[in-house]
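Just below is one structure, and these are the notes that go with it.
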């Protein structure tokens with residue numbers, strides 16, 4: 001039977017021995033536009049546990065994945081992804097420059113148990129970028145041509161589960177399907193966060209995705225999911241302006257240049273409704289005479305942007321996190337491309353670990369910093385979620401998750 005907590009099958013429910021298995025992953029990675037080199041392979045590494053388990057259990061694994069969107073500079077082939085997958089699996093990955101044409105189908109048909117095949121960027125196929133209901137996606141050419149070649153479908157791509165694309169929602173309608181280990185772990189962790197037993201629950205929101213953070217707060221705070229929201233990075237600058245703090249012309253210019261001022265009324269509304277739950281920095285770090293200088297808010301910042309939170313803010317946030325049962329941290333606290341301004345992020349990560357709370361980090365930057373500090377193994381979970389992470393915690397239904405539950409009902413006896 002399907003996992004009663006999750007509502008869909010997991011890999012524990014299937015026998016993969018000798019089965020041709022189609023695996024959807026999300027290895028969409030940052031690409032250097034000048035060299036074409038993958039600059040952060042976090043997502044690639046995150047799926048290796050699922051792939052290794054499938055191989056150990058005797059499956060023949062064929063992988064579907066995407067990279068970028070048509071028209072973007074990072075829209076490219078998966079050739080380099082195959083090289084990195086081979087490295088982390090310690091096994092050759094057969095890269096096929098085809099999605100569902102004759103070459104792809106031939107490679108799948110001839111694949112043997114214990115083999116790994118990576119098909120070409122699924123978004124090279126135009127229908128993959130069209131949102132439709134699962135019933136319609138099951139009738140697309142991708143599904144019609146590939147599904148007959150497989151016995152099982154595994155979705156390990158939580159980060160794209162807010163999409164209803166053929167590779168995500170079409171196959172579960174026609175094949176016995178389950179969630180992979182990465183998807184399962186993320187759904188379980190986030191479901192636990194939404195429960196009342198995970199209190200106090202502290203969110204530390206930073207990074208450059210300000211609109212996402214505002215949206216998340218608008219969902220979490222009314223539902224009582226977040227007991228405190230500690231702000232850093234650009235989103236903290238927006239909320240400081242909303243509170244009437246003087247940040248200096250240089251920082252205001254950055255906020256204006258990024259088009260964030262339309263979010264100001266929403267920030268003001270959140271502060272008005274949840275004044276005791278939203279916490280903003282009490283000091284900041286700027287660059288002066290080529291050195292990091294920490295200042296109280298409003299003190300001589302006109303000619304230098306805010307690059308990081310200051311030590312007093314770290315102390316304040318650390319004291320709040322000490323009593324937390326769950327801490328979710330998304331995005332760095334400062335301009336970490338300059339080592340002088342990664343201090344805030346580093347100190348907050350140390351405080352997160354020291355708190356003893358159950359911890360989740362979102363974003364590749366925080367993972368990289370935690371690995372550099374040697375504390376990555378002390379973090380309970382690294383989320384690859386992005387938009388799906390926001391949607392899940394906002395209470396939205398995720399199409400690629402919902403269809404797994406439908407599939408579990410449809411293929412009860414096909415395990």
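Among the residues making up region 151-168, those that are buried (at least 20 other Cβ atoms within 10 Å of the Cβ) and over 19 Å from the mean Cα position of the chain (by Cα) are 152, 153, 166. Looking across region 14-47, the residues that are outside any loop (DSSP other than H, G, I, E, B) and either closer than 20 Å to residue 382 by Cβ or at pLDDT 95 or above (or both) come down to 20, 21, 22, 23, 24, 38, 42, 43, 44, 45, 46. Just one of the listed residues (117, 76) is out of contact with any strand residue (DSSP E or B) (no Cβ under 6 Å at 6 or more places or on another chain), surrounded by 14 or more Cβ atoms within 10 Å (Cβ to Cβ) and not in a helix (DSSP H, G or I), namely 76.
Quick one: which strands (runs of 3 or more DSSP E) lie wholly within region 275-344 and hold at least 1 residues that are crowded, with 23+ Cβ neighbours inside 10 Å and modelled with pLDDT under 95?
On the way: elements: 283-288, 291-296, 326-330.
Qualifying strands (runs of 3 or more DSSP E): 283-288, 326-330.
Of the strands (runs of 3 or more DSSP E) lying entirely inside region 145-223, those carrying at least 2 residues that are assigned by TED's automatic domain parsing to the domain that holds residue 17 are 152-155, 177-179.
Taken as a whole, the structure places residue 50 among residues that are within 22 Å of residue 90 (Cβ to Cβ), assigned to a helix (DSSP H, G or I) and in contact with a strand residue (DSSP E or B) (Cβ under 9 Å, 6 or more places away or on another chain). Contact map, region 32-50: residues that are more than 30 Å from residue 184 (Cα to Cα) paired with residues that are surrounded by fewer than 17 Cβ atoms within 10 Å (Cβ to Cβ) and modelled with pLDDT under 90, Cβ distance under 7 Å, separation 6+ or inter-chain. Pairs shown: 32/39; 33/73.
Here is a list: 127, 135. Which entry is exposed (fewer than 15 other Cβ atoms within 10 Å of the Cβ) and either in contact (Cβ under 8 Å) with a residue 40 or more places away in the chain or farther than 30 Å from residue 367 by Cα (or both)?
135
Scanning region 235-252 for residues that are under 12 Å from residue 307 (Cβ atoms), surrounded by fewer than 22 Cβ atoms within 10 Å (Cβ to Cβ) and at pLDDT 90 or above gives no hits. Per the listing 172, 200, the residue uniquely in contact with a strand residue (DSSP E or B) (Cβ under 9 Å, 6 or more places away or on another chain) and at pLDDT 95 or above is 172.
Do we find that residue 360 is in the same structural domain as residue 255 (by TED's automatic domain parsing), free of Cβ contacts under 8 Å to residues at least 60 places away in the same chain, more than 14 Å from residue 233 (Cα to Cα) and in contact with a helix residue (DSSP H, G or I) (Cβ under 8 Å, 6 or more places away or on another chain) in this structure? Spelling it out, it is not the case that residue 360 is in the same structural domain as residue 255 (by TED's automatic domain parsing), free of Cβ contacts under 8 Å to residues at least 60 places away in the same chain, more than 14 Å from residue 233 (Cα to Cα) and in contact with a helix residue (DSSP H, G or I) (Cβ under 8 Å, 6 or more places away or on another chain).
The values are calculated or read from the model by the stated rules, or taken from the named source; none is laboratory data. Every value quoted in this text rests on a predicted model; they were computed, and no experiment measured them. Every residue, glycine as well, gets a Cβ built from its backbone with ideal geometry; the counts of neighbours run over all protein chains shown.
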